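Working notes for the structure below.
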Amino acid sequence: MTVKDWENYGKFTIISQMSERSRNLPRRSCLSVPGSSQRFLEKAPTINADMSFLDLEDSVAPLEKPAARGQIVRAIRELEWDDRVLCVRVNAWDTRWTYADVIEVVGNAGERLDEIMLPKVQSASDVIAMDLLLTQVEINAGLPRGHIGIEAQIESTKGLINVEEICAASPRLETIVFGPADFAASMEMPILTGGVQISDYPGDHFHYVFSKILMAGRANGLQVIDGPFLKIRDLDALRDYCHRTVTLGYDGKWALHPDQVTLINELYSPSQEQFDKAMDILDAYKAATEVDLMGAVMFGDEMIDEASRKMASKFVFRGERAGMTRTSK
Ligand code: GLV
Ligand code: MG
């Protein structure tokens, strides 16, 4: 080796765009799969979720965690996962398991693994530490540099206070995710079921939280995801609850059961009517600006302009990402 080779040996340069494959894939439904259950791991690829995350954290008992790592690696390598986003949730930095979760899983899973989900993120340094560890593991595992993305969960008061710096902490970040159950515990809210409406509260007790996370995520180009709804048999209540984050503009929500996946995929896609109207607005605006040279025109009984084009393109992007096509006239 030359002197220059020695100087650079083991060093790496910062690259700005990471984890290209999964960054813009849809994540309407994000299915949680306990990594210690062979049965659930084998079933996961057959469930029509946009994303599956194989869990090493709270759905796995402490004594099962070391064995679950190997089961997850085998599931990633041996099962047929189609094009969906494939993620592993590791344990949080305040446990004894995080570094070995990453070294064992990312070090052995191969290129099909898209992302690591980091729970209970408290500050930007939690994300930076994960980014640095991933860089070393990628090099030693022969993975492309920057291959593994990060999903960061906000589920504590400290995490929410720091969410703006957290969302800007690493180019590996692809999403920011709300964890309502741990968050309620961190707030000391007097509730016993995670992620559901509190009937005694006059309004939406998480409205501020949803909005704050959404703004921080969008300001940094991230997808923004709502967490679990734990009453898994009550689909009507889930439908009602989802309207909160669908209306604010969240990209998707966790699912804990296949029945939740079907409903969540439907709710976090634009309706056909919205999609067709957005396409019509884009056509009308293009004709107005490029043929008639006008910046604002009437579209039915409403005025449209450049801001209308921006709103319509978001619907079209979301719809196309979910595989929708325009109704033929
Ligand atoms: C998810 O991890 C939650 O705590 O709600
Ligand atoms: Mg949690």
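The values are calculated or read from the model by the stated rules, or taken from the named source; none is laboratory data. Bear in mind that the values here come from a model prediction, so they are computed numbers and not experimental data. Using ideal geometry, Cβ is built from the backbone for each residue, glycine included, and neighbour counts are taken over all protein chains shown. Keep in mind that these areas ignore ligands, DNA and RNA; they rest on the heavy atoms of the full protein, side chains included. Shrake-Rupley method; radii C 1.70, N 1.55, O 1.52, S 1.80 Å.
Observations on the model:
- Qualifying residue in the stretch 42-52 (condition: surrounded by fewer than 22 Cβ atoms within 10 Å (Cβ to Cβ) and farther than 24 Å from residue 266 by Cα): yes
- Top-ranked residue in the stretch 214-237 [being within 13 Å of ligand 1 (Cβ to nearest atom) and aliphatic (A, V, I, L, M); ranked as nearest to residue 151 (Cα to Cα)]: 225
- Where residue 171 falls short, out of the listed (1) within 16 Å of ligand 1 (Cβ to nearest atom); (2) farther than 14 Å from residue 161 by Cα; (3) modelled with pLDDT of 95 or more: (1)
- Here residue 310 meets each of (1) out of contact with any strand residue (DSSP E or B) (no Cβ under 9 Å at 6 or more places or on another chain); (2) modelled with pLDDT of 95 or more with one exception, condition (2).
- Selection within the stretch 1-39: residues that are at pLDDT below 60 and of a type in the set (Val, Ile, Thr). The member of this set that is nearest to the chain's Cα centre (by Cα) is 15.
Let's see how each residue does on (1) within 26 Å of residue 41 (Cβ to Cβ); (2) open to solvent by less than 10 Å² (accessible area, probe 1.4 Å); (3) in contact with a His (Cβ under 7 Å, 6 or more places away or on another chain); (4) more than 13 Å from ligand 1 (Cβ to nearest atom):
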{"residue": "178", "(1), (2), (3), (4)": "yes, yes, no, no"}
{"residue": "212", "(1), (2), (3), (4)": "no, no, no, yes"}
{"residue": "263", "(1), (2), (3), (4)": "yes, no, no, yes"}
{"residue": "272", "(1), (2), (3), (4)": "no, no, no, yes"}
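- Pick from the stretch 96-110, criterion in contact with a Lys or Arg (Cβ under 9 Å, 6 or more places away or on another chain) and part of a loop (DSSP other than H, G, I, E, B), ranking: nearest to residue 147 (Cα to Cα): 110
- Of all the criteria given as (1) open to solvent by 60 Å² or more (accessible area, probe 1.4 Å); (2) outside any loop (DSSP other than H, G, I, E, B); (3) without any contact (Cβ under 8 Å) to a residue 40 or more places away in the chain; (4) more than 13 Å from ligand 1 (Cβ to nearest atom), the one not satisfied by residue 240 is (3).
- Among all residues of the stretch 294-307, there is none that is acidic (Asp, Glu) and either closer than 26 Å to residue 178 by Cβ or in the same structural domain as residue 34 (by TED's automatic domain parsing) (or both).
- Candidates 294, 298, filtered to the one that is in a strand (DSSP E or B), away from ligand 1 (no atom under 16 Å from the Cβ) and at pLDDT below 95: 298
- Contact map, the stretch 177-204: first residue more than 16 Å from residue 155 (Cα to Cα), second residue within 15 Å of ligand 2 (Cβ to nearest atom), Cβ cut-off under 7 Å, separation 6 or more or different chains; pairs are 198/191.
- Only residues that are in a helix (DSSP H, G or I) and more than 16 Å from ligand 1 (Cβ to nearest atom) were counted in the stretch 117-164, giving 19.
- Considering the stretch 77-102, and only residues there that are buried (at least 20 other Cβ atoms within 10 Å of the Cβ) and away from ligand 1 (no atom under 16 Å from the Cβ), the residue that is farthest from residue 255 (Cα to Cα) turns out to be 102.
- Residue in the stretch 189-199 that is crowded, with 21+ Cβ neighbours inside 10 Å and within 24 Å of residue 240 (Cα to Cα) present: yes
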